[in-house]
Amino acid sequence: MAFRGSPFEGISTQELLVQLSGKKKAEKKLPLWFGTRGIIYPPNLNLEQTSSEVTAKYKASLVAGASLADLTGGFGIDSYYFSEKIEKVQHLELNPELQEIAEHNFEVLGAKNVISEACDALNFLKNTSERFDWVYIDPSRRDEAGGRVFFLSDCLPNVPENLDILQEKAENILIKTSPLLDLQAGLNELENVREIHVVAVDNDVKELLWVLNKNASEGIEIKTVNFQKKEKQVFNGIFGGNPPENYSEPKNFLFEPNAAIMKSGLFGRLGNELGLEKLHPNSQLYTSDAPVNFPGRRFKVLQILPFRKKQLKKDLQLKKANITTRNFPESVAELRKILKIKEGGESYLFFTTLQNEEKVVLLCQKS
């Protein structure tokens, strides 16, 4: 198409390429948009930065009420799903071209309770007399030079610096941050945090969501969710409220927490609630004699081998295996080189350290 040129009068080749590329990217990320005639797509960068339908629907499940202001409206995915839970949604976007595209798509999708406006959202809040049930903000994680940043105070707009106006204009605040932001670092910058949601898709943490309310209690609830093709794994706890952990040698079954739980740090609560024991304080691998319903991967332990480089290749006799290291000095790449094992197959090797500091290899199969 780039070489042939646009066959449509009044539409440039570049404009057409943006639409073709956008529709292709939307097929898996935004199936409702992909399957709806008349949708207009923004440039790739805007599309990459937007929420997926899965994560947008989850955010919408956290809100309810008469009004919500989406201060960083963007392409409008979040605003659209908020509109299914909220009577009136104010979609605010600084970029007038992007705002115009989003407004067009709201009409195409029939979201009549979304009011879209091109403006500076913070100025809008300062000048409006309206008070909202919710404000939602997803600050840009790039600085003025285009480099990536993670602390909230380095993002644009600066949320900690503007918390007073946000709390003045809304009963509840929902903030989306980078999945790389340390939870304690986020708490150090915010106040009145009621809940932290760790949202993963296919075992990849996509978003951290922070719910703020002036009436928040002292115990901050952490809610983890991992969306998979066939199931949704959920586990909740209280920040900093981990009970003591119990330890054991490897038993019949091995359990590996999903990425959302790994981010949450709810390790003691996870083992305590499910009756599991850990192999080592730093491994985050659990074991038990019997299988349990677990928010992560579960394996049957077939063999426990001491880690001896020269002997191990002979003991395993594997040409293919899936290798994971936890609290172990060698990397996966180094181990593959040593053992000459290719990736794949039905065997799973966990290289880890036990409580007595012994280095071992657990030969497992999925259970």
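The values are calculated or read from the model by the stated rules, or taken from the named source; none is laboratory data. Model, not experiment: these values are computed from the prediction. Heads up, the Cβs are rebuilt from the backbone with ideal geometry, glycines too, and the neighbour counts pull from every protein chain shown.
Of all residues in segment 217-244, none that is in the same structural domain as Asn258 (by TED's automatic domain parsing) and assigned to a strand (DSSP E or B) has its Cβ atom under 7 Å from the Cβ atom of a residue that is at pLDDT below 90 and of a type in the set (Asp, Glu), 6 or more apart or on another chain.
Could you look through segment 126-151, keep only residues that are in contact with a strand residue (DSSP E or B) (Cβ under 9 Å, 6 or more places away or on another chain) and modelled with pLDDT under 90, and pick out the one that is surrounded by the most Cβ atoms within 10 Å (Cβ to Cβ)?
As a first pass, look at segment 126-151 and keep what is in contact with a strand residue (DSSP E or B) (Cβ under 9 Å, 6 or more places away or on another chain): 128, 130-144, 148-150.
This time we only want the ones that are modelled with pLDDT under 90, so: 140-144, 148-150.
Values: Ser140: 13, Arg141: 20, Arg142: 14, Asp143: 12, Glu144: 6, Arg148: 10, Val149: 17, Phe150: 15.
Within segment 126-151, the match that is surrounded by the most Cβ atoms within 10 Å (Cβ to Cβ) is Arg141.
Using the structure shown, decide if Asn123 is at pLDDT 95 or above and loosely packed, with under 14 Cβ neighbours inside 10 Å. So Asn123 fits the description; yes. Filtering segment 27-71 to residues that are touching a helix residue (DSSP H, G or I) at 6+ places or on another chain (Cβ under 7 Å) and of a type in the set (Ser, Thr, Tyr) leaves Thr36, Tyr41, Thr50, Ser51, Ser52. Residues of segment 52-62 include none that is in contact with a Ser or Thr (Cβ under 6 Å, 6 or more places away or on another chain), surrounded by 18 or more Cβ atoms within 10 Å (Cβ to Cβ) and not hydroxyl-bearing (Ser, Thr, Tyr). When residues in segment 307-342 are screened for being of a type in the set (D, E, K, R) and part of a helix (DSSP H, G or I), 8 of them pass.
The set of residues from segment 2-51 being surrounded by fewer than 11 Cβ atoms within 10 Å (Cβ to Cβ), hydrophobic (A, V, I, L, M, F, W, C) and either outside the structural domain of Arg141 (by TED's automatic domain parsing) or touching a Lys or Arg at 6+ places or on another chain (Cβ under 9 Å) (or both) comprises Ala2, Phe3, Phe8.
Which of the residues spanning segment 73-96 are surrounded by fewer than 20 Cβ atoms within 10 Å (Cβ to Cβ) and under 25 Å from Val159 (Cβ atoms)?
Of the residues in segment 73-96, the ones surrounded by fewer than 20 Cβ atoms within 10 Å (Cβ to Cβ) are 84-85, 87-88, 94-96.
Lys85, Lys88, Leu94, Asn95, Pro96, listed by residue number.
Mind listing just one residue for me: the one in segment 43-64 that is touching a residue at least 60 places away in the same chain (Cβ under 8 Å) and not in a helix (DSSP H, G or I) and, of those, farthest from Val89 (Cα to Cα)? Only one residue fits best here, namely Ser52. Could you identify the single residue in Phe294, Phe350 that is assigned to a loop (DSSP other than H, G, I, E, B) and not polar (S, T, N, Q)? Criteria check complete, one pass: Phe294. For segment 306-330, the set of residues classified as in contact with a helix residue (DSSP H, G or I) (Cβ under 9 Å, 6 or more places away or on another chain), within 11 Å of Val361 (Cα to Cα) and surrounded by 15 or more Cβ atoms within 10 Å (Cβ to Cβ) consists of Leu312, Leu316, Ile323, Thr324, Thr325, Phe328, listed by residue number.
Selection of segment 266-287 for residues being in a loop (DSSP other than H, G, I, E, B) and out of contact with any helix residue (DSSP H, G or I) (no Cβ under 7 Å at 6 or more places or on another chain) yields Leu266, Gly275, Leu276, Leu279, His280, Pro281, Asn282, Ser283, Leu285. Per this entry, Ala216 is counted among residues that are modelled with pLDDT under 95, touching a strand residue (DSSP E or B) at 6+ places or on another chain (Cβ under 8 Å), small (Gly, Ala, Ser) and under 25 Å from Lys57 (Cβ atoms).
For segment 97-118, check the following and say yes or no: at least one residue is small (Gly, Ala, Ser) and either exposed (fewer than 15 other Cβ atoms within 10 Å of the Cβ) or modelled with pLDDT under 95 (or both).
Restricting attention to segment 97-118, the residues satisfying the condition of being small (Gly, Ala, Ser) are 102, 110-111, 116, 118.
Remaining after also requiring either exposed (fewer than 15 other Cβ atoms within 10 Å of the Cβ) or modelled with pLDDT under 95 (or both): 110.
Yes.
Looking at Ser67, is it of a type outside the set (Val, Ile, Thr) and assigned to a strand (DSSP E or B)? Yes. Scan segment 70-89 for residues that are in contact with a Leu (Cβ under 9 Å, 6 or more places away or on another chain), assigned to a loop (DSSP other than H, G, I, E, B) and more than 13 Å from Ala118 (Cα to Cα) and report the count. So the answer is 2. Scanning segment 16-42 for residues that are of a type in the set (A, V, I, L, M) and assigned to a loop (DSSP other than H, G, I, E, B) turns up Leu30, Ile39, Ile40. Among the residues of segment 115-134, not a single one is aromatic (Phe, Trp, Tyr), within 17 Å of Ala56 (Cβ to Cβ) and in a helix (DSSP H, G or I).
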